[in-house]
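Below is one structure, written out as structure tokens, with a few remarks after it.
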Amino acid sequence: MRSRSTLILSLLLTAAVMSSRCERETRRYKELPAASNRETAVRVGQLEPGMPQQKADVKSPYQENAWGIGEGKRLYSAYNCAPCHGVNGGGAIGPPLMDDAWIYGAQPDQIYATISQGRPDGMPSFGGHIPAQQIWQLVAYVQSMGGQVRSTTAAGRNDDQMGALPESRRGSQVPVQTGHR
Amino acid sequence: MSHLQSVIHPAGIQAALVSHLWWILFGICTFVWVAVAIAALIAMRRGHRAASVDLPESRIGRNVAFAGVATTITLIAIIFESVVIGRSLNTLKAPDALRITVTANQWWWDVQYENPVPSLRVTTANEIHIPVGRPVGFNLLSNDVIHSLWIPNLQGKIDLVPGRRNELWLQADRPGVYRGQCAEYCGLQHAKMALVVVADPPEQFEYWLTANRASAPAPVTPEQQRGKDVIEKGPCAMCHTITGTLAGGRTAPDLTHIASRSTLGAGSIPNTQGYLAGWISDPQSIKPGNRMPPPGLASDELQAVLAYLETLK
């Protein structure tokens, strides 16, 4: 009797582990770009009128998806993010992305809005130029740079020489919203 | 029957050597196979009768020694022939050769015709024109993983390795259209990573090269102008280049003369307006996993883009 329940339990556990792996590896090539107008409602500062409101809990559809984060890593160099933000996110003439300081917010929808709308002093707007799907992939990758996604999902290595720890080994940090200085 | 991609229909010196070697091996193997088959048949027919006959020990020894010596001589002859042909495959280097840099990407070929004067360089993709009767030296690079360039009618295959430059020399002796194929598994769309090689008579090749040095022609009709605007201000320009316009992305095939090419998606589909429309609206259905996302154009924008791309001869 005991061995049977052990068997059922282990089968269930295997199924649970396997189903969680599935989402990690799914490649959603045919996903149509989601219509996204939510950046218009995204708050990027700490000041807000009236009573403090509930924050919308929006996640990147690729936050749990290693393929999507990998695509984001590829797009990060394809769309020339690296010259300003650094190859591994260490920052250059643009702010670093691997630290805990976030000028316009560390929430996925705030990062989406920053990429899509652009920000003063240099950040160009990518909305309308690249599909929403790719912006969400970039959001997931940017989050992985500061250790904001699970280490099992973040990239484990670069295709070329590594100047920094891989994303999967960066410790998670508590994001601080600094605002524009 | 066309011999677009065939080792035994060589169109150049090197391929002729390779095919020569192939026929020698084929002849020897056929001979050995037929001889063994005949010997086995004879042995089967003799069956029990022969089992009772005792051959003298010395005759068995002689037979084995003869077979051993014959095999060794054949093997040495094949190795000698193979080394000689292997060496002569690489003796085409010539100072007046045409130099072409081919960079493999997942899953397409970037092609650049070298010239000391930068403005005379030509960039294209997935289609290589070469002059008949003139040696061509390829510089082979890769941007991501290991690929392999194989144009069976013209040469043997050679790998394109990231971080390393390989060379391949070939010469076409007959005008014609040949198909090349990636011959090293490189990911999901490895099978749809082909290229077209067009061997032109020299004067026709010079004409093609001169035509491809030009920037894209200016749009004429308002619809073509609109198409150009959509490309420049929309998603296309993020990855594609059209010389003479604002589109200058470097991560996808050059579109400056796309209407003059015969295939789309690295040999996946023919380059006609209908296929082009299908490709632009949903590339992931035609070649799943390729790097082009659906750009999400409205139908009138798509028509304008098609009208403009059609003029890029």
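What about residue A:158, is it within 14 Å of another protein chain (Cβ to nearest Cβ), touching a helix residue (DSSP H, G or I) at 6+ places or on another chain (Cβ under 9 Å) and either of a type outside the set (A, V, I, L, M) or over 20 Å from residue B:295 (Cβ atoms) (or both)?
yes
Mind checking which residues of segment A:114-146 are at pLDDT below 90, within 12 Å of chain B (Cβ to nearest Cβ) and either touching a Ser or Thr at 6+ places or on another chain (Cβ under 8 Å) or assigned to a loop (DSSP other than H, G, I, E, B) (or both)?
Across segment A:114-146, the qualifying residues are A:127, A:128, A:129, A:131, A:132.
Which numbered condition trips up residue B:227, out of (1) more than 14 Å from chain A (Cβ to nearest Cβ); (2) of a type in the set (Gly, Ala, Ser); (3) in contact with a strand residue (DSSP E or B) (Cβ under 8 Å, 6 or more places away or on another chain); (4) over 21 Å from residue B:2 (Cβ atoms)?
The one condition residue B:227 does not meet is (3).
Just give me the residues in segment B:232-257 being touching a helix residue (DSSP H, G or I) at 6+ places or on another chain (Cβ under 9 Å), more than 14 Å from chain A (Cβ to nearest Cβ) and farther than 23 Å from residue B:196 by Cβ, in sequence order.
Of everything in segment B:232-257, just one residue is touching a helix residue (DSSP H, G or I) at 6+ places or on another chain (Cβ under 9 Å), more than 14 Å from chain A (Cβ to nearest Cβ) and farther than 23 Å from residue B:196 by Cβ, namely B:245.
Pairs needed: first member in segment B:71-82, without any contact (Cβ under 8 Å) to a residue 24 or more places away in the chain; second member anywhere, of a type outside the set (D, E, K, R) and in a helix (DSSP H, G or I); C-beta distance under 9 Å; at least 6 residues apart or different chains.
From residues that are without any contact (Cβ under 8 Å) to a residue 24 or more places away in the chain, the pairs are B:71/B:32; B:77/B:24; B:77/B:28.
Out of curiosity, is residue B:268 crowded, with 19+ Cβ neighbours inside 10 Å, of a type in the set (S, T, N, Q), more than 17 Å from residue B:237 (Cβ to Cβ) and more than 12 Å from chain A (Cβ to nearest Cβ)?
It is true that residue B:268 is crowded, with 19+ Cβ neighbours inside 10 Å, of a type in the set (S, T, N, Q), more than 17 Å from residue B:237 (Cβ to Cβ) and more than 12 Å from chain A (Cβ to nearest Cβ).
Conditions tested, residue by residue: (1) of a type outside the set (Ser, Thr, Tyr); (2) over 30 Å from residue B:187 (Cα atoms); (3) touching a residue at least 12 places away in the same chain (Cβ under 8 Å).
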position	(1), (2), (3)
B:202	yes, yes, yes
B:216	yes, yes, yes
B:236	yes, no, yes
B:239	yes, no, yes
B:275	no, no, no
B:280	yes, no, yes
B:286	yes, no, yes
B:290	yes, no, yes
B:294	yes, no, yes
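Sort through B:260, B:285, B:299 and tell me the only one that's under 27 Å from residue B:177 (Cα atoms), out of contact with any Pro (no Cβ under 8 Å at 6 or more places or on another chain) and either within 14 Å of chain A (Cβ to nearest Cβ) or not basic (Lys, Arg) (or both). Full working, then the answer.
On the way: B:285 fails: under 27 Å from residue B:177 (Cα atoms); B:299 fails: under 27 Å from residue B:177 (Cα atoms).
Of B:260, B:285, B:299, the one residue that is under 27 Å from residue B:177 (Cα atoms), out of contact with any Pro (no Cβ under 8 Å at 6 or more places or on another chain) and either within 14 Å of chain A (Cβ to nearest Cβ) or not basic (Lys, Arg) (or both) is B:260.
Which of the following residues is more than 14 Å from chain A (Cβ to nearest Cβ) and either within 25 Å of residue B:259 (Cα to Cα) or at pLDDT below 95 (or both): B:95, B:162?
That would be B:95, the only listed residue that is more than 14 Å from chain A (Cβ to nearest Cβ) and either within 25 Å of residue B:259 (Cα to Cα) or at pLDDT below 95 (or both).
Filter segment B:181-211 down to the residues that are outside any strand (DSSP E or B) and closer than 30 Å to residue B:288 by Cα and list them by number.
Start the filter on segment B:181-211 by keeping residues that are outside any strand (DSSP E or B), which leaves B:183-193, B:201-211.
Listed by number, the residues that qualify are B:183, B:184, B:185, B:186, B:187, B:188, B:189, B:190, B:191, B:192, B:193.
So residue A:125 ticks every box in (1) touching a residue at least 12 places away in the same chain (Cβ under 8 Å); (2) touching a helix residue (DSSP H, G or I) at 6+ places or on another chain (Cβ under 8 Å) but one. Which box is left unticked?
Among (1) touching a residue at least 12 places away in the same chain (Cβ under 8 Å); (2) touching a helix residue (DSSP H, G or I) at 6+ places or on another chain (Cβ under 8 Å), residue A:125 violates only (1).
For segment B:110-148, enumerate the residues that are within 14 Å of chain A (Cβ to nearest Cβ) and touching a Gly at 6+ places or on another chain (Cβ under 7 Å).
Residue satisfying the conditions is B:145 alone.
The values are calculated or read from the model by the stated rules, or taken from the named source; none is laboratory data. All values reported here derive from a predicted model rather than from experimental measurement. Positions of Cβ are backbone-derived with ideal geometry, glycine not excepted, and every protein chain shown enters the neighbour counts.
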